[in-house]
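Chemist: Starting off with a structure, shown below.
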Amino acid sequence: MRFRGESEALTRVGNVPDQPLDHDVRGVLQIAPFRRLWISLSFSSLGDWLGLLAITAMAAELTTDSSADQNYAVAGVFILRLIPALLFAPIAGVVADRLDRRMTMVVTDVLRAGLFVSIPIVGSLWWLLVATFLIEALSLFWIPAKEATVPNLVPRERLEAANQISLVTAYGSAPVAAGIFTVLSLITAALGARFEFFVTHPASLALWLNAATFLFAAATIATLEIPRDNVERAKAENPWRNLVEGWKFVAQTPVVRGLLIGMLGAFAAGGTVVGLAPTFVRGLGAGNPGYGLLFGAVFVGLALGMLLGPRLLAGLSRRRLFAMSIVAAGLLLMVIAVIPELPVVVLFTVALGLASGVAWVTGYTLIGLEVADELRGRTFAFVQSMVRLTLVAVLAASPALAGAVGRVDFHPTDDVTVAYSGAAVVFLGAGAVAAAVGFFSYRHMDDRKGISLVRDVTSALRRETPLADPITSGFFLAFEGGDGAGKSTQVARLAEWLTARGHEVVVTREPGATAIGRRLRQMLLDTQDLGLSPRSEALLYAADRAQHVEEVIRPALERGAVVITDRYVDSSIAYQAAGRALSASDIERLSRFATRGLMPTLTIVLDVPPEVAAERRLLPPDRIESESMEFHHRVRQGFLDRAARRPRAYFVVDATKTPTEITAAVLQRVAQLMDESAGAQRPGSQQPEGSTP
Ligand SMILES: Nc1ncnc2c1ncn2[C@@H]1O[C@H](COP(=O)(O)OP(=O)(O)O)[C@@H](O)[C@H]1O
Ligand SMILES: Cc1cn([C@H]2C[C@H](O)[C@@H](COP(=O)(O)OP(=O)(O)O)O2)c(=O)[nH]c1=O
Ligand SMILES: [Mg+2]
């Protein structure tokens, strides 16, 4: 069963955004409503960190008996912060989608402020734990409401910049909070001389300041207008159905599933690193300073990745970028595990942080771009709860696993021994898992199947227009060969056969299939010598082709038609590159620019010696036909070389045979191709029933 509104629930952008993503940070902050949300977010994240510091400090103070008890109290705080996610996240998602998101944020902020104020006043450990649990539960309602709101305030092309700012602010406020906490501790000490209360409750100031940040955040949000789409749809059903619908959506939508799996892989690996970093560093023979260095490296990398990564690869499909960065993070973790040298480890850790930062930002952006408003809250809530669940599981399991593995000695040669700690071995495994998961997620949601990743990445780095989305419907066949090889004859026969089999067939040619193209054709084939230079000739053919693809070929393929073109890119390679001796790679680049990378499924080359072809000619020769025999020999070789390089995409026929023989060979090959692709369940391909031979 498919999810009811899948096509509407996904707001499809296409992987190559129509408008390039705009990473101008100042620009996005000029959007007043987003700026207000961001200010509020900055204050509440500052408050969050401050609260975490204050609460853990207070938990330790309230349990003065023994250091073991203190550890338990602190661990208890962490566990209490994670548990609500499991219980409430799904409900929080439904709330974020059904209710007014602004009200949700304001109410949760005010309630959190109240709880923070109450902690030092009640002053007991049990209340501290209860309040922590409640605060975390409230945050769970606040987060999906906030995440789902960002795409409503910011135009799509600025969404990624908005996410970058939000994430960097959320994590960047941690050191600021630590600084404030230290200052507050000093003030508290001074106040303690006059008021007994501050001696017994040293974390109170931090908690109250924290409460103030939440009140401020609430006041800021209260003034915000949040436009919503389609809330009515979510409200039309009962909450229970909303919940089930949210789960189904996540489980049945490939992008979201791929995203979730990728994020879980990344967080599992990340959790392992956090949990085992101290042991791992000890295994390297580096103590606390090494640990600090490694932590710093992760944060520097994360910040770099969040800020620079998306900009560096602005033109790349976000789905590809997301999965790729998770694979990279996994591989980097494996490298870190096997090289037991601190400087190398630190360097790779920066890279690891970078890859994770990119994955994080793009993951959020993808949800914002591709999930429709009324399901977004539930999607974010789901991601949140799964991430936390994974973290708890991994944090609990990885130390035990590392202990069970123990030290492993590796002997590259007889007299050399490299010792690996259990932590290193677990890192290796976690890295492999993350890489595999990233690869799986890539396969799952790749939206540019058929376009090489390397190609996409290089053109993104070079700031070239990315190749267009691959065509997944219709069939694209090209006939190539010298003048008089018999192309027009064969095109007509193939078209007739395909039409008889029930296909919509579009027959077209180059140059001159469009109004612009016909004018270009006149210039190109005029026998009167206008002194056209080879480069300008190449550009005119490319201009004709660009118009041809845009006006004729792409629309027909999108309808699911079979397009047969008499000449295409290979003619330019053969005539302009091989014939006119221009650079083949220049011509190739020019053609890619003109076609945005659209290539035929199959190219049929009719191969004939130019002398034979010239004898078939009935009309007087045009400008190109008038070229020398050497020229036409080079052209012929140009076609054959090209076909030899990618034999699977070409079918070379000896065109000295009779037309009937050639047709038979061509029909057989085309029928085979269509059967193959019908077997491969190519979406949209027209395969009328009863037409298989
Ligand atoms: N296999 C063949 N053997 C002999 N003559 C052919 C063959 N195919 C086509 N012809 C003839 O050669 C001439 C050029 O054919 P055409 O299909 O227009 O070639 P192209 O489109 O490649 O220039 C036409 O007069 C056509 O009837
Ligand atoms: C499409 C294309 C054609 N040409 C030349 C080849 C042909 O001589 C001419 C097109 O003429 P046309 O009469 O359409 O071809 P044919 O004689 O094979 O039926 O343009 C190029 O040089 N470069 C190209 O990219
Ligand atoms: Mg022809």
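The values are calculated or read from the model by the stated rules, or taken from the named source; none is laboratory data. Owing to the predicted nature of the structure, the values given are computational and were not obtained by experimental measurement. Every residue, glycine among them, receives a Cβ derived from its backbone with ideal geometry; neighbour counts consider all protein chains shown.
Chemist: From S572, S628, grab the single residue that is over 31 Å from the mean Cα position of the chain (by Cα) and under 18 Å from G512 (Cβ atoms).
Modeler: The unique qualifying residue is S572.
Chemist: Next up: Considering every residue within the stretch 559-567, establish whether at least one is at pLDDT 95 or above, in contact with a Gly (Cβ under 9 Å, 6 or more places away or on another chain), within 16 Å of ligand 1 (Cβ to nearest atom) and not small (G, A, S).
Modeler: For the stretch 559-567, residues at pLDDT 95 or above, in contact with a Gly (Cβ under 9 Å, 6 or more places away or on another chain), within 16 Å of ligand 1 (Cβ to nearest atom) and not small (G, A, S): present.
Chemist: Checking R311 against (1) surrounded by fewer than 21 Cβ atoms within 10 Å (Cβ to Cβ); (2) closer than 26 Å to V425 by Cβ, only one condition comes out false. Which one?
Modeler: Condition not satisfied by R311: (2).
Chemist: Could you tell me which residue of the stretch 640-672 is surrounded by the most Cβ atoms within 10 Å (Cβ to Cβ), considering only residues that are assigned to a helix (DSSP H, G or I) and among the basic types (K, R)?
Modeler: Initially, the stretch 640-672 is screened for residues assigned to a helix (DSSP H, G or I), giving 640-645, 647-649, 659-672.
With among the basic types (K, R) added as a condition, the list becomes 642, 645, 648, 669.
Details: R642: 22, R645: 9, R648: 6, R669: 15.
Here the answer is R642.
Chemist: Give the residues of the stretch 551-569 that are under 16 Å from T472 (Cα atoms) and within 16 Å of ligand 2 (Cβ to nearest atom), sorted by residue number.
Modeler: Across the stretch 551-569, the qualifying residues are I553, V563.
Each row is one residue, and each column tells you yes or no for (1) within 16 Å of ligand 1 (Cβ to nearest atom); (2) within 15 Å of V507 (Cβ to Cβ).
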residue: F440; (1), (2): no, no
residue: G474; (1), (2): no, yes
residue: G481; (1), (2): yes, no
residue: K487; (1), (2): yes, yes
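Chemist: I'd like the residue in the stretch 472-500 that is crowded, with 19+ Cβ neighbours inside 10 Å and away from ligand 3 (no atom under 16 Å from the Cβ) and, out of all such residues, is farthest from P310 (Cα to Cα). Step through it out loud before you land on a result.
Modeler: Quick first cut of the stretch 472-500, residues crowded, with 19+ Cβ neighbours inside 10 Å only: 474-487, 490-491, 494, 498.
In the following step, the residues that additionally are away from ligand 3 (no atom under 16 Å from the Cβ) were identified as 474-476, 498.
On the way: G474: 33, F475: 34, F476: 34, L498: 46 Å.
Checking each candidate, the answer is L498.
Chemist: When you scan the stretch 240-254, do you find a residue that is closer than 28 Å to P33 by Cα and small (G, A, S), even just one?
Modeler: Among the residues of the stretch 240-254, at least one is closer than 28 Å to P33 by Cα and small (G, A, S), which makes the answer yes.
Chemist: Mind listing whichever residues of the stretch 524-534 are more than 16 Å from ligand 3 (Cβ to nearest atom) and closer than 27 Å to V608 by Cα?
Modeler: Let us first name the residues in the stretch 524-534 that are more than 16 Å from ligand 3 (Cβ to nearest atom), namely 526-534.
Once the filter is applied, which keeps residues that are more than 16 Å from ligand 3 (Cβ to nearest atom) and closer than 27 Å to V608 by Cα, the stretch 524-534 yields D526, T527, P534.
Chemist: Please go through the stretch 455-509 and give me each residue that is more than 15 Å from R559 (Cα to Cα), of a type in the set (A, V, I, L, M, F, W, C) and under 38 Å from the mean Cα position of the chain (by Cα), ordered by number.
Modeler: Once the filter is applied, which keeps residues that are more than 15 Å from R559 (Cα to Cα), of a type in the set (A, V, I, L, M, F, W, C) and under 38 Å from the mean Cα position of the chain (by Cα), the stretch 455-509 yields V457, A460, L461, L467, A468, L477, A478, F479.
Chemist: In the stretch 114-131, how many are part of a helix (DSSP H, G or I) and farther than 17 Å from A212 by Cα?
Modeler: 7
Chemist: Taking the criterion of being under 17 Å from L602 (Cα atoms), within 13 Å of ligand 2 (Cβ to nearest atom) and either free of Cβ contacts under 8 Å to residues at least 24 places away in the same chain or assigned to a helix (DSSP H, G or I) (or both), would at least one residue in the stretch 508-529 satisfy it? So that I can check it myself, show each step before the final result.
Modeler: First, pick out the residues of the stretch 508-529 that are under 17 Å from L602 (Cα atoms): 508-510.
Those still in the list that are within 13 Å of ligand 2 (Cβ to nearest atom) too: 508-510.
Within this subset, residues satisfying the condition of being either free of Cβ contacts under 8 Å to residues at least 24 places away in the same chain or assigned to a helix (DSSP H, G or I) (or both) are none.
No, because not a single residue in the stretch 508-529 is under 17 Å from L602 (Cα atoms), within 13 Å of ligand 2 (Cβ to nearest atom) and either free of Cβ contacts under 8 Å to residues at least 24 places away in the same chain or assigned to a helix (DSSP H, G or I) (or both).
Chemist: Now for a separate question. Would you mind stating whether E615 is farther than 30 Å from S677 by Cα and either more than 16 Å from ligand 3 (Cβ to nearest atom) or assigned by TED's automatic domain parsing to the domain that holds T658 (or both)? Outline the logic, then answer.
Modeler: Values: farther than 30 Å from S677 by Cα: yes; either more than 16 Å from ligand 3 (Cβ to nearest atom) or assigned by TED's automatic domain parsing to the domain that holds T658 (or both): yes.
Against the criterion (farther than 30 Å from S677 by Cα and either more than 16 Å from ligand 3 (Cβ to nearest atom) or assigned by TED's automatic domain parsing to the domain that holds T658 (or both)), E615 qualifies.
Chemist: Would you check if V491 is within 13 Å of ligand 2 (Cβ to nearest atom) and over 22 Å from A578 (Cβ atoms)?
Modeler: Values: within 13 Å of ligand 2 (Cβ to nearest atom): yes; over 22 Å from A578 (Cβ atoms): yes.
Yes.
Chemist: Looking at (1) within 16 Å of ligand 2 (Cβ to nearest atom); (2) closer than 21 Å to S488 by Cβ; (3) exposed (fewer than 13 other Cβ atoms within 10 Å of the Cβ), which is the only condition S628 fails?
Modeler: Every listed condition holds for S628 apart from (2).
Chemist: Turning to a different aspect of this structure: Quick one: would you say T508 is under 18 Å from G560 (Cβ atoms), within 15 Å of ligand 3 (Cβ to nearest atom) and of a type outside the set (G, A, S)? Spell out the reasoning first.
Modeler: Values: under 18 Å from G560 (Cβ atoms): yes; within 15 Å of ligand 3 (Cβ to nearest atom): yes; of a type outside the set (G, A, S): yes.
Yes, satisfied.
Chemist: Just to be sure before I move on: is T499 over 30 Å from I326 (Cβ atoms), more than 16 Å from ligand 2 (Cβ to nearest atom) and without any contact (Cβ under 8 Å) to a residue 24 or more places away in the chain in the structure I sent? So that I can check it myself, show each step before the final result.
Modeler: On the way: over 30 Å from I326 (Cβ atoms): yes; more than 16 Å from ligand 2 (Cβ to nearest atom): yes; without any contact (Cβ under 8 Å) to a residue 24 or more places away in the chain: yes.
Answer is yes for this residue.
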